[in-house]
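The values are calculated or read from the model by the stated rules, or taken from the named source; none is laboratory data. Given the structure is predicted, the values throughout are model-derived calculations rather than measurements. FYI the Cβ positions are ideal-geometry reconstructions off the backbone, even for glycines, and counts take in every protein chain you see. The area values use the complete protein model at the heavy-atom level, side chains included, leaving out ligands, DNA and RNA. Shrake-Rupley method; radii C 1.70, N 1.55, O 1.52, S 1.80 Å.
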Amino acid sequence: ANAQWQRPGPRSAELFERAARVTPGGVNSPVRAFSGVGGTPAFIDHASGAYIYDVDGNEYVDYVGSFGPMILGHAHPAVVEAVQQQASKGLSFGAPTGLETELAELVCSMVDSIESVRMVNSGTEAAMTALRLARGHTGRKKVIKFAGNYHGHVDALLVNAGSGALTLGIPGSPGVPEAVVQDTLVATYNDLDSVAEAFKAHGDDVACVMVEPVAGNMNCVPPEDGFLQGLRDLCDEYGALLVFDEVMTGFRVHPGCAQAHFGVTPDVTALGKIVGGGMPVGAVGGPSKVMETLAPTGPVYQAGTLSGHPLGMAAGIATLSRLKDGSVHEAIAPKLDSLLQGLQQCADKHGVPFLTQRVGAMFGMFFTDASRVSRFDDVAACDTDKFAVFFHTMLDHGVYLAPSAFEAGFISQAHDDTAIQRTLEAADAAFAAVAQA
Ligand code: PMP
């Protein structure tokens, strides 16, 4: 524990010590360990609406939302009830259920580019399947991805070679053999020239461009005007597929996903997070003629014992059906306006260089002098020490932010004026602390 920070309380500290004995780093996903901000994590007991509660009884306004799924707020009664009812019928069957079709129909009705969906169990699996599908469908090997874009821990996509110059893939992690990433090309997000260069060099070999339409794993970086359309045009020119990884943006930036918000149509879409309403669900979707490349209709193998899991389908249906008419997104927009305006005023008051960016119901906070952050290098130049002070002071004042300067923030329909006011009061203390640090 870091003596500088009051959190965690004694129960969290004890649970973390116990966890570290039986789990690497005490966590099941690395960012939860607070390595990016110092200190040790609060262990959560329960959550409701805009709030989460740790095992020491502390209440926090939550802007993590389980890293994205909780757009309706935590423990939404309709979602919880759908899961409870389904659980009483048995947990999983290894045989089809009507629920899978119901969720697939909802996804197809909401996302224009999707006629057919395969359910999987995580965003990682969705991205992995999308890549294999693109390769199988085109008969080509290479994938162009972007530095600072994350597509889960898929071997071939776990490459984050330096921004700027296009480079051949270098494994981003021990355990990923070079052979597995030799067909991965890394371009610069928001730099169409870097993509055109990759196509010029390898055009006939490129199966797909895979992109987060809003980059949400390097804080929150929207696409510049024309960037996504430029990718669409390059893919068409070279006969490659355009894959949108909408695991984070899907149903969060718009009920029709980022592709509806920006008016650019991908060939294949990877989904996760909101599509499962907080349960472990991912999905891959696209036109039927592409999707039918997957087994059993086509030769590209893909499978899952627990895929289309009834509880995940129930939570996903309960969530998406509430997002479909757009009213949730409409209700969230002014809340996020007042949050971000309030944060900016507070930062200005304390003389802290600060910037926010947002698309739909996701946002980013940057400790920077810049007036816009659009490239990976801009993000890397932000002050992570200031973020750590901000993060911990917010936590001490009852606001739970993602424990890293490179994660996006998530708001829900449950964030009411009281929650936002509490956040801004905490921010007053946090910016004061940053100004003094
Ligand atoms: N793609 C994107 C864009 C993501 O943000 C994430 C996770 N944050 C993933 C893929 C991987 O999803 P999961 O953690 O569910 O495997």
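Residues of segment 26-48 that are modelled with pLDDT of 95 or more and open to solvent by 20 Å² or more (accessible area, probe 1.4 Å): Val27, Asn28, Phe43, Ile44, Asp45, His46, Ala47, Ser48. If the condition is being under 24 Å from Leu336 (Cβ atoms) and among the aliphatic types (A, V, I, L, M), then segment 19-41 contributes Val31, Val37. Mind listing whichever residues of segment 263-306 are open to solvent by 30 Å² or more (accessible area, probe 1.4 Å), within 16 Å of the ligand (Cβ to nearest atom) and over 23 Å from Pro222 (Cβ atoms)? Once the filter is applied, which keeps residues that are open to solvent by 30 Å² or more (accessible area, probe 1.4 Å), within 16 Å of the ligand (Cβ to nearest atom) and over 23 Å from Pro222 (Cβ atoms), segment 263-306 yields Gly278, Met279, Pro280, Gly304, Leu306.
Beta carbons closer than 8 Å, at least 6 apart along the sequence or on distinct chains, pair a first residue in segment 121-140 that is under 15 Å from Val211 (Cα atoms) and open to solvent by 40 Å² or more (accessible area, probe 1.4 Å) with a second that is part of a loop (DSSP other than H, G, I, E, B) and within 10 Å of the ligand (Cβ to nearest atom) for Met128/Gly152; Met128/Val154. For segment 329-349, the tally of residues that are more than 29 Å from Ala260 (Cβ to Cβ) and either buried (at least 18 other Cβ atoms within 10 Å of the Cβ) or of a type in the set (Val, Ile, Thr) (or both) stands at 2.
Where residues in segment 62-72 are outside any helix (DSSP H, G or I) and buried (at least 23 other Cβ atoms within 10 Å of the Cβ), which of them is farthest from the ligand (Cβ to nearest atom)? Checking each candidate, the answer is Leu72.
Please specify each residue of segment 111-120 satisfying the condition of being farther than 19 Å from Cys235 by Cβ and open to solvent by less than 20 Å² (accessible area, probe 1.4 Å).
Hits for segment 111-120 are Met119, Val120.
Every listed requirement among (1) part of a loop (DSSP other than H, G, I, E, B); (2) modelled with pLDDT of 95 or more is met by Ala127 save one, (1).
Does segment 372-381 contain at least one residue that is of a type in the set (Val, Ile, Thr), in a loop (DSSP other than H, G, I, E, B), closer than 30 Å to Asn160 by Cα and touching a helix residue (DSSP H, G or I) at 6+ places or on another chain (Cβ under 7 Å)? Yes, that holds for at least one residue. Within this structure, Gly364 passes the test of being touching a Ser or Thr at 6+ places or on another chain (Cβ under 7 Å) and closer than 23 Å to Ala50 by Cα.
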